[in-house]
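The block underneath contains the structure these notes are about, expressed in C-alpha cells.
None of the figures in this text is laboratory data; all of them are computed from the coordinates on show. Here the structure is a predicted model, which is why all the values come from computation and not from measurement. Heads up, the Cβs are rebuilt from the backbone with ideal geometry, glycines too, and the neighbour counts pull from every protein chain shown.
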Amino acid sequence: MSSDSDQDLGITERKQYNTGEWYAEVVQKAGLANYGPEGMSGFIVTRPRGYALWEYIQNELDSKFKSTGVQNAYFPMMIPESYLEREKDIVEGFDPEVAWVTHGGHDELEERLAVRPTSESIIAPYMAQWVRSHRDLPLRVNQWCSVVRWEATETKPFFRTKEFLWQEGHTAHETHDEAWDETMTRLDQYAELYEDLLAIPVLKGQKPDHDKFPGAHKTTTVEALMPDGKSVQAGTSHHLGTSFAEAFDITFSDEDEETQPAHTTSWGLSWRALGALIMTHSDDQGLVLPPTVAPEQVVIVPIWQEDTKDDVLEYAESVREELAEAGIRVELDDRDERNPGFKFNEWELKGVPVRLEIGPYEVDDEEITVVHRPDGEETVEDRDSIAETVQDHFDEVYAKLYATAEENLDENVREADSREEILGTLGPNNGYVKVPWCGDEDCEEPIKEPLSAEIVMCPFDDEEEVDEDDTCAICGEQASQTAYFAKNY
C-alpha cells in the first residue's frame, strides 16, 4: 500500500452517520475484498487478508466439529432439478434464488442443473445409501464450500453476496431427542465461536415457525447485534425431523429389525461472520480485529534518526525474533520511505491489535512502548519476557472489544407491551424489542410493514417463560412465548 496517498489511505466515511458506505470503505481499504467484475453485481473477490480471517473461523469450527464426531466430505456443486423437486418445500423456498445451468458447452442439457443454493437435496440421497442399520448411526458429515443464491436485494460484502463461503453439516440419528441434542451442540459451538474467537456476544434462540428452514421441525439461531442496532443471523442449526428422511428414504433397521425413518439435522455458518466481525469492532480509523484472528497480531514500528538507526533496528529485530519464536504473528515495519506517523495510520487501518514502538529511548532503557489499537491506550513495558507481556496485552485488547460489544447488546434490548410501544422503540432506536407474543404470524405484520422489522428470535422455553397473564403485544390474546423484534441484515 506504500504507493497510496495519505488521502487514499484514510477512511472518509463515518460509522455513526453513513454506516453502509463506511463499512464498504473499510472492507476495501483494509485489503479484505474487492467488488467483482463489471456486470457481476453481488460477487466479490476475497483478498488474502480477508481470506485469512475466514481460515481462522474455518480452523476453529473444523476442530470443534471433528472433536464431536463430524467428518468432512464434498458433494457436487451441480444439483439435478429432479433432486430439488424431491423436497417440494425446498423448491418453494429457494426457487427464486436458484441459478440454473442449461448448457454444457454448446449442447443443451437433458435436465437443468442447479448451482447449489444449499445441499440437502444432493447430500440426503447419499446418506440414504450409507445408512442401513442402527449401527450406522449417528452419521455426521460436513462440507466446506460455496453456494449461490441469486439475491434480488441490495448486496453487501460478506453480509449478503450472491456467492458466499460457508460450511454445512448434515447428520442422521435414531431418535428425535438425539437429533435435537445434535442441533443444540452445533448452536452452542457457533455461540462459542463468536464469543471466544470473535469477541462478539450473541443471543441464542429459535426462529418462529413461519420463518424456519423449509421442511424443518425447528430452526435455531444465534443472533448478533451490530452497532447500528440491526441484528445479524449469525448461524443456524436445524432439527429437520423425519421430513428429509421420508423424502429421500433415509431409513434404518432398528434393533427389532423394523424399518424406521432417520431423524436428521443440518447446520451452517457463512462468511457473514466476517461481516459481523468487521462491523462490530471497526471504527473511523479503519479495521479493528481481536488478536485471535488478526493476520498480524503485532506490528513493530522502529523510530530513528540517522545516528540511532542501527541500534534501533537491531533492538527491534531482536524483539521480532522473540515474538515470532513464541508463535506470535508479528510484522517489523522498517521501511525507509515512510515516516512513523504514516505507518501508525496504515497499521491502524489494517486492524493490527497491538503496536510496539521502539526508539532510542526504549533502546537505552531496555523498554518497549505498547499501544492498543481499539482505544490508543499506551503503556511502557520492560524488554524482558516481552512475549509473555504481549500475550497479556492480547487478553486486555480482547476483553475491551468484548466489553464494548456486550455493552451495546445490553443497552439495546428493550421491552414493550403494545404495538405502539414497539413502533416507538424500534423506529428511532433499532436494537431488540422483547415482547410477549401469541405465536401467530399475522401479529408480525403490523411491525414488519411500517418498519421492515421482524421477529428474529424467540428464546428457548426454559430460558424466558411467559406468565399465564401475559398477553400478546399485538392482538391482546394469551401469549405463548417471548419474541425479539429487530431490523436485520
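In the chain, the longest principal axis of the Cα atoms and the axis of helix 309-325 are about 30 degrees apart. Counting Lys and Arg as +1 and Asp and Glu as -1 over every other residue whose Cβ lies under 10 Å from the Cβ of LYS64, the net charge comes to -2. Within region 235-336, the GluC sites (Glu not before Pro) that combine a DSSP coil assignment with at most 13 other C-beta atoms in a 10 angstrom radius are GLU255, GLU257, GLU258, GLU306. Amide H contacts under 5 Å for TYR35: VAL45, restricted to partners 5 or more places along the chain or on a different chain, H placed in the peptide plane at 1.01 Å from N. All C-alpha to C-alpha distances of region 186-301, sorted into 5 Å bins beginning at zero, yield P(r) values of 2, 11, 16, 17, 14, 11, 9, 7, 5, 4, 2, 1, 1, 0, 0 percent in whole numbers. For SER282, nonlocal amide neighbours, meaning residues 5 or more places apart or on other chains whose placed amide H falls under 5 Å from its own, are VAL288.
Loop-located GluC sites (Glu not before Pro) in region 10-63 (DSSP state other than H, G, I, E, B) with a sparse environment of at most 12 neighbouring Cβ atoms within 10 Å: GLU38. Which pairs, out of LYS29/LYS64; LYS15/LYS350; LYS207/LYS448; LYS230/LYS350; LYS15/LYS487; LYS156/LYS230, put more than 22 Å between their alpha-carbon atoms? As for pairs spanning more than 22 Å Cα to Cα, those are LYS29/LYS64; LYS230/LYS350.
Of the GluC sites (Glu not before Pro) found in region 383-489, those in coil by DSSP whose Cβ has at most 12 other Cβ atoms within 10 Å are GLU463, GLU465, GLU468.
What's the center-to-center distance, using Cα atoms, between region 66-86 and region 205-257 in Å? The two parts, judged by their Cα centres, are 16 Å apart. May I ask you to derive the FRET efficiency for ALA52 and GLU411 from their Cβ-Cβ distance with R0 = 41 Å, giving the value to the nearest 0.05? Efficiency at R0 = 41 Å is approximately 0.80.
Residues whose amide H comes within less than 5 Å of that of LEU269, counting only those at least five positions distant or on another chain, are GLN167 (H built at 1.01 Å from N in the peptide plane).
The relative contact order of region 6-281 comes to 18 percent, based on Cα pairs under 8 Å that sit 6 or more residues apart.
Each Cα pair under 8 Å and six or more residues apart adds its sequence gap; the mean of these over the residue count of the chain is a relative contact order of 14 percent. Over the C-alpha trace of region 6-281, radius of gyration and Dmax come out as 19.9, 74 angstrom. Across region 20-28, rounded Karplus estimates of 3J(HN,Hα) from the backbone phi angles (6.51 cos²θ - 1.76 cosθ + 1.60, θ = phi - 60°) give x, 5, 4, 4, 4, 5, 4, 4, 7 Hz, Gly and Pro being marked x.
Between the residues ALA99, ASN142, THR242, the greatest Cα displacement towards the positive end of the dipole of the chain, with unit charges on the Cβ of Lys, Arg, Asp and Glu, is found for ALA99.
Put a dot 7 Å past the Cα of GLU321, heading toward its Cβ, do the same for SER253, and the two dots end up 6.8 nm apart. Rounded to the nearest 500 deg cm²/dmol, what is the calculated helix-only ellipticity per residue at 222 nm for the chain, with -39500 (n - 2.57) per DSSP H run of length n ≥ 4? Using -39500 (n - 2.57) per qualifying helix, the result is -10500 deg cm²/dmol.
Beyond 39 Å, the tail of the calculated P(r) for the chain holds 33 percent of the Cα pairs. Around the Cα centre of the chain, unit charges on the Cβ atoms of Lys, Arg, Asp and Glu (plus for the first two, minus for the last two) sum to a dipole of about 1740 debye.
Across region 231-247, coupling constants 3J(HN,Hα) worked out from phi with the 6.51/-1.76/1.60 Karplus curve, θ = phi - 60°, read 9, 10, 6, 8, x, 10, 9, 10, 8, 8, x, 10, 4, 6, 4, 6, 5 Hz, and Gly and Pro carry x. Measuring nothing but alpha carbons in region 298-393 and taking Rh as the Kirkwood radius, the Rg to Rh ratio lands at 0.92. Our coupling estimate for region 120-129, obtained by passing each phi through the Karplus curve with A = 6.51, B = -1.76, C = 1.60 and θ = phi - 60°, is 3, 6, 9, 7, 4, x, 7, 4, 4, 6 Hz, Gly and Pro reported as x.
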